[in-house]
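A short reminder: the numbers here are calculations on the coordinates, not readings from a lab. Only a predicted model underlies this, so the values are computations on that prediction, with no experimental measurement involved. When we count neighbours, we look across all protein chains shown, and the Cβ atoms used for this are built from the backbone with ideal geometry, even at glycine.
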Amino acid sequence: MDFRLTAEQELWKRMVREFAEKNIEPRAREIDEKEAGIPEEIIQGMAELGIFGVTIPEEYGGSAMPGQEMVYAMITIHELGRAELSMSLPVYTLLCLGWSYLIVKHGSEELKREALPKVASGEWFMGINTTEPQGGSDVSTITTTAVKKGDKWVINGEKAYISGVTEATTRGGGHLSLFVTDPEKGHRGMTFFYVPAQLPGITTSVYKDMGRMGLSTGGFVYKDVEIPDYYRLSEVGRGFHMNMEGFNVARIVVAAACTGAAEKMLEIGVDYTKQRILFGRPLINFEGISFEIAEDHTDLELTKLMLLKAAWMVDQFYAGTGEFTKADINKIVAMCKLRAPLLAARVGQHVMMQLGAFGYTKDCPVEMGLRGVLSYCVGAEGGQNIMKIIIARDYAGDEAVPYRGT
């Protein structure tokens, strides 16, 4: 049993960190405050490094290491989470990595050749588009429909609280989305599709969030929008299961973004408390501070180990070499998504209080990190109570939690 990254994975980690510290971290506040989006030169630099291709095979323009895609994605997003605490860039990237990976696994050959090279090159954005105005935790209750007409599908309905609305409509690309294709069959009557954001019949709206200002959040209204059948992922009626599978992938990289942010904020707190002199000694010498740091560091290291295991399990599952069930994967991924955002928010709060008045200013990046990670505490990619439901269900059985959702 070896808990170390391979030499190649360590090299990749160093490469991403060096790029991020040089090109991203100095511009993090700019990304958060100007609301102008992520600078194009940063996206192109990331693409040249191969970041957007770590879950995409070489034949489609990517740089994926077969059987290690999720471990590399986790490493990548952790490093971006350290560098850009507002979460705008990490979230933009994790969406592209996670949901393009679902196209790799379940998309048609025509869709793969159309979309994946453009995502890998940084030209297109790729996201997830499931939540509707009435809510997102119970995916089985969505109402947006897709009706088959000849060799096309016609979409009508509305999606809300979606990341990357502006990015997809201006850059190109789109979202994977879930639609009702047979209302009589409940969650077995849903199908998963790729929907470009620039099609006729689509209108968009954009919200004002409290954090992640460099990445748009908004909604889509579909009115008689036509898409070809090759945009469908897997079989008709399998959409709910495809969506849940995609969430397992997405939640790993979401947790990685949060552990990266937590790690960076914790380092900021340690550096400051070593230098701040109070009553004749460094602030970190007070047990009220050092014990808090010790607990946060311990929880962070535990979460990172669990996250590495989750990423490894998903890679093993897709490679057909893992001796575990989907329930095993559901459970550990939900544990990571449960712990990482709450841990990052707690670390951010602790560090802000350790820094005192300075921590409450925008001269310090901690407030930016605290606002950013809260989106994943609130519910993006599944709320915390939903994660508890999944863990209870897959540990104690369906009888423990009579629920069918994300």
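Quick notes
- Ratio of Rg to Rh over the chain (Cα coordinates, Kirkwood Rh, two decimals): 0.97
- Taken over segment 130-251, the ratio of Cα radius of gyration to 2.2 N^0.38 Å equals 1.01.
- With each label modelled as a point 7 angstrom along the Cα→C-beta vector, the K105-E226 pair spans 3.3 nm.
- Rounded to the nearest angstrom and listed largest first, the equivalent-ellipsoid semi-axes of segment 217-295 from its Cα gyration tensor are 51, 15, 9.
- Here D182 and L11 are evaluated by their C-beta separation; at R0 = 45 Å the FRET efficiency comes out at 0.40.
- Here the simple spin-label model places points 7 Å from the Cα toward Cβ, and for Q275 and S290 these points are separated by 2.1 nm.
- Extension reserve of the T170-E158 stretch, reckoned as 0.36 nm per residue once the Cα distance is removed: 2.3 nm
- Ranked K22, K112, K208, criterion: other C-beta atoms within 10 Å, fewest first: K208, K22, K112
- Cα lying deepest toward the dipole's positive end in the chain, options T55, A250, T361, charges on Cβ: T361
- Dipole orientation for segment 267-318: of the candidates F279, I289, Y318, F279 has the Cα lying most toward the positive pole (charges on Cβ; Lys, Arg +1; Asp, Glu -1).
- With the simple model of a label 7 Å out from the Cα in the direction of the Cβ, F3 to E48 spans 3.8 nm.
- Size of electric dipole in segment 239-396: Cβ of Lys, Arg +1 and of Asp, Glu -1, about Cα centre, debye, nearest 20: 260
- Counting DSSP beta bridges with both ends in the chain, the antiparallel % (nearest 5): 85
- Ordering of 168-175, 128-135 by packing is 168-175, 128-135, highest average first (other Cβ atoms within 10 Å, averaged per residue).
- Peptides 152-158, 309-315 ordered by packing proxy, namely the average of other Cβ atoms within 10 Å per residue, highest first: 309-315, 152-158.
- Helix-derived mean residue ellipticity, 222 nm - over the chain, DSSP H n ≥ 4, -39500 (n - 2.57), to 500: -17500 deg cm²/dmol
- Local net charge near G237, Cβ-Cβ under 15 Å (Lys/Arg +1, Asp/Glu -1): 0
- Multiplying the residue separation of T203 and N385 by 0.36 nm and removing their Cα-Cα distance gives an extension gain of 62.3 nm.
- Fully extending the segment from K22 to H297, taken as 0.36 nm per residue of separation minus the present Cα-Cα distance, adds 96.5 nm.
- Mean Cα-pair separation over length for the chain, i.e. relative contact order, pairs under 8 Å, 6 or more apart, %: 18
- Rounded to the nearest 0.05, the FRET efficiency derived from the C-beta distance between E267 and M210 at R0 = 35 Å is 0.90.
- Helix 326-355 vs. the chain, principal-axis angle (Cα, 0 to 90°, nearest 10): 40
- With Rh defined as the Kirkwood radius, the inverse of the mean 1/r over Cα pairs, the Rg/Rh of segment 239-396 is 1.07.
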